[in-house]
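Since the structure comes first, as structure tokens, the remarks are kept for the end.
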């Protein structure tokens, strides 16, 4: 399955699946009718937690290892959140997985 930031393909028929469809836990391909599951919510929670840990961990490491800690604190408050958000965004969009739903192979 080829994917990029907002491009998902059906693993069965290679038809493009819209990114808003992938946000649902269970969805079907409009072309072939195959049912799929998505880990969108789990990926979102994991990436938000990783971004928050990166922000806090980077600020603490900078305060411990760089001498004027006030400058590190100001930098982490101004730019640390932005860097952590971009990191979380990339982790989230590249960790979304689409698997075939074994409970219902097709919805009619």
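Every number here is computed from the coordinates shown, using simple stated rules; none is lab data. Predicted model, so just to flag it, every value in this text is computed and none were measured. Every residue, glycine as well, gets a Cβ built from its backbone with ideal geometry; the counts of neighbours run over all protein chains shown.
Which members of segment 62-84 meet the condition of being part of a helix (DSSP H, G or I) and either out of contact with any helix residue (DSSP H, G or I) (no Cβ under 7 Å at 6 or more places or on another chain) or under 30 Å from residue 11 (Cβ atoms) (or both)?
Within segment 62-84, 64, 65, 70, 71, 74, 75, 77, 78, 79, 82, 83 meet the criteria.
Residues 59, 48: which one is touching a residue at least 40 places away in the same chain (Cβ under 8 Å), surrounded by 13 or more Cβ atoms within 10 Å (Cβ to Cβ) and touching a helix residue (DSSP H, G or I) at 6+ places or on another chain (Cβ under 9 Å)?
Exactly one of 59, 48 is touching a residue at least 40 places away in the same chain (Cβ under 8 Å), surrounded by 13 or more Cβ atoms within 10 Å (Cβ to Cβ) and touching a helix residue (DSSP H, G or I) at 6+ places or on another chain (Cβ under 9 Å), namely 48.
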